[in-house]
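Peer 1: Here you go, one structure.
The values are calculated or read from the model by the stated rules, or taken from the named source; none is laboratory data. These numbers come from a predicted model, not from an experiment. Please note: Cβ atoms are built from the backbone with ideal geometry, for glycine as well, and neighbour counts cover all protein chains shown.
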Amino acid sequence: MPGPIALPHPSRDELSITDVMSALGDPGRLSVVRQLTDGPQDVAGCSFGPGEMPKSTRSHQLKVLREAGLIRNEPADRGPRRMVSLRREDLDARFPGLLDVVLASASDKLIEDEAK
C-alpha cells in the first residue's frame, strides 16, 4: 500500500500577497488560521465556523489556504490522519507584520457574524 500523498506547497518566494489576502478574506478560512496560531492541528479538529461543513467543502477550504501558502497540510506521524500548520515563519519573512495585523483586527465576533 502506498504511503500518504505529499501535497504541493508554494515556496516562500512564490507566496503572493493577492493570494494570501484572498484566502484570508473568507471568515471560515480566517478562523482556521487563527486556530493554527496555537500550533498544528489534525485536519478534523479545524473549525470553519458554526455548523457542520461537508467534507468536500472542508477539503476545498484547506486547499485554498495551502495553495495561498498560509498553511502546510502534511501526513501525521502515524495513521491516515493529516496535520495542518501555519506557515508563520514564511509569511513573516515574505510579508513582515501582515499576519499580526490581520489577526489582531479580526475579532471572534466579527468572524462568527460574517460566517452566518
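Peer 1: Starting from residues that are in contact with an Asp or Glu (Cβ under 8 Å, 6 or more places away or on another chain) and free of Cβ contacts under 8 Å to residues at least 60 places away in the same chain, keep the ones in segment 61-74 and report whichever is farthest from Pro10 (Cα to Cα).
Peer 2: Selected residue: Gln61.
Peer 1: Tell me, which helices (runs of 4 or more DSSP H) lie completely within segment 68-116 with 3 or more residues that are at pLDDT 75 or above?
Peer 2: 88-94, 98-105
Peer 1: Could you tell me whether segment 32-42 includes any residue that is loosely packed, with under 13 Cβ neighbours inside 10 Å, of a type in the set (Val, Ile, Thr), within 22 Å of Ala106 (Cα to Cα) and touching a residue at least 40 places away in the same chain (Cβ under 8 Å)?
Peer 2: Checked segment 32-42: at least one residue is loosely packed, with under 13 Cβ neighbours inside 10 Å, of a type in the set (Val, Ile, Thr), within 22 Å of Ala106 (Cα to Cα) and touching a residue at least 40 places away in the same chain (Cβ under 8 Å).
Peer 1: Specify which of the listed residues (Arg29, Arg58) is surrounded by 16 or more Cβ atoms within 10 Å (Cβ to Cβ), without any contact (Cβ under 8 Å) to a residue 24 or more places away in the chain and not in a loop (DSSP other than H, G, I, E, B). Break it down into steps so the answer makes sense when it comes.
Peer 2: Numbers: Arg29 fails: without any contact (Cβ under 8 Å) to a residue 24 or more places away in the chain.
Every option except Arg58 fails the conditions.
Peer 1: Restricting the search to segment 1-48, which residues are basic (Lys, Arg) and in contact with a Phe, Trp or Tyr (Cβ under 9 Å, 6 or more places away or on another chain)?
Peer 2: Listed by number, the list holds a single entry, Arg29.
Peer 1: Sticking with this structure for a sec: Taking only segment 17-26 into account, find how many residues are surrounded by 13 or more Cβ atoms within 10 Å (Cβ to Cβ) and assigned to a loop (DSSP other than H, G, I, E, B).
Peer 2: Counting residues in segment 17-26 that are surrounded by 13 or more Cβ atoms within 10 Å (Cβ to Cβ) and assigned to a loop (DSSP other than H, G, I, E, B) gives 1.
Peer 1: Do you know which of the residues in segment 61-81 that are among the hydrophobic types (A, V, I, L, M, F, W, C) and farther than 13 Å from Ser22 by Cβ is surrounded by the fewest Cβ atoms within 10 Å (Cβ to Cβ)? Break it down stepwise before answering.
Peer 2: To start, the set of residues in segment 61-81 that are among the hydrophobic types (A, V, I, L, M, F, W, C) comprises 62, 64-65, 68, 70-71, 76.
If we keep only those that are farther than 13 Å from Ser22 by Cβ as well, we get 62, 71, 76.
Values: Leu62: 21, Ile71: 27, Ala76: 13.
Taking the candidates together, the pick is Ala76.
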